[in-house]
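Peer 1: Structure below; questions to follow.
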């Protein structure tokens with residue numbers, strides 16, 4: 001009960017304040033990033049078509065599978081899904097990427113398209129019209145690990161592994177020049193706590 005009384009209950013007010021305060025988003029920056037990504041996607045699209053020798057819907061697993069495994073015959077015995085289509089999951093394509101330029105380009109295309117649709121184009125639609133800020137919801141008791149989770153939108157899942165993904169984070173800005181945003185992360189915090197408690 002001390003965990004609830006001393007940590008969880010007092011945290012409710014803090015999280016409520018955070019949700020109400022929200023965070024500012026530089027929508028113009030994201031718009032510009034969207035334009036750049038659209039241009040890059042068009043370029044990649046043409047490069048993929050050139051590698052394939054024909055045009056097709058890159059976003060269609062069925063058409064992609066037919067191009068890679070029937071037309072280009074990248075492997076002798078391609079994997080198939082339960083529905084009988086050629087498997088074109090990220091796992092399958094990642095394995096093939098080292099040997100085939102078209103596959104590398106398809107993976108890059110998929111990554112940019114997801115970044116654009118999930119974050120760059122979606123975040124501005126979630127800005128509150130009254131406050132001009134994004135107000136996520138923090139879930140205090142959802143994750144089994146005890147960590148906070150966030151949704152509508154999930155601001156804890158902004159990509160950082162790629163350079164383009166890190167660009168998205170730059171769109172989150174302080175509310176004015178009196179403030180700065182700081183990013184901090186604990187490295188392997190659960191393991192460190194366990195190690196400290198085991199002494």
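Peer 1: Considering only the stretch 142-163, how many residues are over 21 Å from residue 21 (Cα atoms) and modelled with pLDDT under 90?
Peer 2: Residues of the stretch 142-163 that are over 21 Å from residue 21 (Cα atoms), as a first pass: 142-146, 159-163.
Okay, now just the ones that are also modelled with pLDDT under 90, so 142-146, 159-162.
Matching residues across the stretch 142-163 total 9.
Peer 1: Would it be correct to say that residue 127 is crowded, with 16+ Cβ neighbours inside 10 Å, over 20 Å from the mean Cα position of the chain (by Cα) and modelled with pLDDT of 95 or more?
Peer 2: Values: crowded, with 16+ Cβ neighbours inside 10 Å: yes; over 20 Å from the mean Cα position of the chain (by Cα): no; modelled with pLDDT of 95 or more: yes.
Against the criterion (crowded, with 16+ Cβ neighbours inside 10 Å, over 20 Å from the mean Cα position of the chain (by Cα) and modelled with pLDDT of 95 or more), residue 127 does not qualify.
So that you can scan it fast, the table gives a plain yes or no per residue for (1) surrounded by 11 or more Cβ atoms within 10 Å (Cβ to Cβ); (2) touching a helix residue (DSSP H, G or I) at 6+ places or on another chain (Cβ under 6 Å); (3) in a helix (DSSP H, G or I); (4) on the phi < 0 side of the Ramachandran plot:
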| residue | (1), (2), (3), (4) |
| --- | --- |
| 56 | yes, yes, no, yes |
| 62 | yes, no, yes, yes |
| 69 | yes, no, yes, yes |
| 74 | yes, yes, no, yes |
| 84 | no, no, no, no |
| 88 | yes, yes, no, yes |
| 94 | yes, no, yes, yes |
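Peer 1: Go through the stretch 114-140 and report how many residues are part of a loop (DSSP other than H, G, I, E, B) and free of Cβ contacts under 8 Å to residues at least 40 places away in the same chain. I'd like the intermediate steps shown before the answer.
Peer 2: Step one: filter the stretch 114-140 for residues part of a loop (DSSP other than H, G, I, E, B), giving 121-122, 128-132, 135-136, 140.
Now restrict to residues that are free of Cβ contacts under 8 Å to residues at least 40 places away in the same chain: 122, 129-130.
Going through the stretch 114-140 one residue at a time, the tally reaches 3.
The values are calculated or read from the model by the stated rules, or taken from the named source; none is laboratory data. Quick caveat: nothing in here was measured; it's all calculated off a predicted structure. Glycine also receives a Cβ, built like all others from the backbone with ideal geometry; neighbour counts cover every protein chain displayed.
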